[in-house]
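Quick note: the coordinates plus some simple rules give every number you see, no bench work behind them. Just so we're clear, the structure is a prediction, and the values are computed from it rather than from any experiment. With ideal geometry, Cβ positions are generated from the backbone for all residues, glycine too; neighbour counts draw on all protein chains shown.
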Amino acid sequence: MIHAAIPTDPMDFDSENTPSNPAPRATIGEVIAERYSRRGALLGGLAAALAGPAGAVPMRGGPSTLTFPELRQQLAQTDAVAEGHESRLLIRWGDPVLPDAPAFDPRRQTAAAQARQFGYNNDFIAVLPMRPGEPIGERALLWANHEYTNTNLMFPGLGSPSQARTRMTAEQVEVELMAHGGSLVEIMRDGRGWKLAPPGRLNRRITATTPMRISGPAAGHPWMRTSADPEGRNVLGMLANCAGGITPWGTILTCEENINFAFGGALHDPTQAESQRRFGMTDTPPYAWHRFVQRFNRTQEPNESNRFGWVVEIDPYDPESLPVKRTALGRFKHEGAAYALAPDGRMVIYMGDDQRFDYVYRFVTARPHNPANPDRNLLDEGTLSVARFEADGTMRWLPLIQGSGPLTPENGFHNQGDVVIQARRAADLLGATPMDRPEDVEANPANGRVYVMLTNNANRTAAQVNPANPRAENAHGHVVELIPPGVPDRPDHAAETMRWGLFLRAGKPGMDAGAEYHRATSDQGWLSSPDNCAFDSKGRIWIATDSGGAAGIADGVWAADTVGGGRALTRLFYQAPTGAEVCGPWILPDDSALFLAIQHPGQNAGSSFDAPSTRWPDFAEGMPPRPSVIVITHGEGRAIGS
Ligand code: FEO
Ligand code: CA
Ligand code: CA
């Protein structure tokens, strides 16, 4: 999400960039191995496709199967898409979600209005059929996460982010609570592609106040109990929902990430001090909520924050259903939750913990998924594991099971609830590999490989490099590729060990130390800070970035082949408006449309509601920038990218 985008403001949210892992040091063995290894050894013969310096290439053609005319990089108040394609606005912050939503009036916004309107800072999006298991027809459901709020861009007269924090009112906090969560809306096809449909029966707003159920090993745990919920089994709302995923039975998995923004005040429970510190909790968070809402104040409710930081499952087909926090999947700063099925039918969910020096995780269900009769509680039992990368090109999934290895009562792990609530601390003890901010981790159905987006990590020192994070002061990030046994036809995503390699190292070829792509990557085709990704039907990867402008280029979407002569030849397809990152990418199964979530437009230094750096997408006087979901189609009805 947000990092270093407003570097002049000390109150800028910098959560993911402030590491809380106390000892992210590589072993001497890893350092030596890295020093003597060559990419070829790590990549197992794939290096040839990556080798060589970048050079000037024509804007069209080349070895890539993606034939669209590449976009030219630019910094601009508005966005742009590759020639031949059309971009269309689907829904903006403040647009109606429920039938009784009032018209958007940003100068007189209320919590009651916001609770019925599209929320702020859309991140993960999913496009689902109107009934589970059916193909996408003339109508569909669009889900969007609302990750966080830019107070000073949402309300007039608040100034900078740090000024907004001290000036904001209790009423504005209530609006922010309603601007979090997620939205479900009906969309429909017309002659030009997709547009928002009138509010339908399934339209729904989830907010930071929606009642939810807690299931799995942490349900009822003493650290989950509060004055409002003495049983520790019910919670109000979800927070900081970043990326996510779906399940084979048609539900949405939405992931709580930087929940520490919301909690503040002094913690007086010494038994939790280390656990909360490891999660990044502080007395003075970026949000002002704890000054107004008691449950976000750690002095008054020391346990409330333990009830956030989970993967939440939501049934979009039952508007009355309670969302469920599935605690078996662990508690950390969850980026996403993308599934693949193992050959025996067990469901495997890949997850990143997005903070500098944190880890890549996986959850494998105890039982297979049965398509004929899905078990709706399949995610309550299984094995959570964390990744350790070795210098010899192998990696191992280390299980987080109470009683095994160091996860004993002596170390504070008396039951599996202790393990999942403190998943980071458990993973520290197991010797997981500290990564450069793991964001999306997604399996490519076409080649069976798994792609790990590692955004960046400027804090990594030369002494802290390891084979999977080979650059010190990694300003631009990289993409790691996991290769399960049995690829490409029968990948075993539940295997204990896999091979791995580097897919690309971001940055500008020739300018940034160690940037590596296909040799034909153009001056437009380099990227920085890979965050989210999606695959089209041919297995090509579409990478959305979140550099926060630190790379000097706009964020956007780059597409590349993953196999063949065009492997890792990234090409610029979409450029975001200033201040925005690009999230979500969601591609329809027939490649006819690419849905994108454009998050925090106008989040630049010095930008505010009253003097924004852009008024995208409305460009109407007095209207602030509005986070929005857009859809891109080919103008001639062809597949995107052609
Ligand atoms: Fe919310 Fe990891 O970006
Ligand atoms: Ca992001
Ligand atoms: Ca993200």
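Tabulated values for the structure
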{"quantity": "Overall Cα dimensions of the stretch 271-370 - principal axes, largest extent first, Å", "calculated": "49, 38, 24"}
{"quantity": "Per-selection metrics, the stretch 143-255 (Cα): Rg and Dmax in Å", "calculated": "17.7, 56"}
{"quantity": "Charge context of Tyr287, other residues only, Cβ under 10 angstrom, K/R +1, D/E -1", "calculated": "+1"}
{"quantity": "For Asp79, Asp375, order by how many other beta-carbon atoms lie within 10 Å, fewest first", "calculated": "Asp375, Asp79"}
{"quantity": "Estimated 222 nm signal from helices in the chain, with DSSP H stretches of n ≥ 4 weighted -39500 (n - 2.57), rounded to 500", "calculated": "-2500 deg cm²/dmol"}
{"quantity": "Quotient of Cα Rg and 2.2 N^0.38 Å for the chain, N being how many residues it contains", "calculated": "0.88"}
{"quantity": "Rg/Rh ratio calculated on Cα atoms of the stretch 555-622 (Kirkwood radius)", "calculated": "1.11"}
{"quantity": "Lysines whose Cα lies under 30 Å from that of Lys325, excluding same-chain neighbours fewer than 8 positions away", "calculated": "Lys333"}
{"quantity": "Alpha carbon centroid spacing (whole Å) that separates the stretch 447-515 from the stretch 255-280", "calculated": "29"}
{"quantity": "Whether the stretch 257-308 is rounded, prolate or oblate, judged on the alpha carbon gyration tensor where a/c under 1.5 counts as rounded", "calculated": "oblate"}
{"quantity": "Surrounding net charge for Gly510, when Lys and Arg each add one and Asp and Glu each subtract one, Cβ distance under 13 Å", "calculated": "0"}
{"quantity": "Normalised alpha carbon radius of gyration of the stretch 310-447 [divisor 2.2 N^0.38 Å]", "calculated": "1.07"}
{"quantity": "DSSP bridge pairs, the chain: antiparallel proportion in percent, nearest 5", "calculated": "95"}
{"quantity": "Cα coordinate range in the stretch 508-559, projected on the principal axes (Å, largest first)", "calculated": "34, 26, 16"}
{"quantity": "Exposure proxy order (Cβ contacts within 10 Å, fewest to most) of His369, His600", "calculated": "His369, His600"}
{"quantity": "Approximate spin-label separation Ser537-Thr461, in nm, with each point projected 7 Å along Cα-to-Cβ", "calculated": "5.2"}
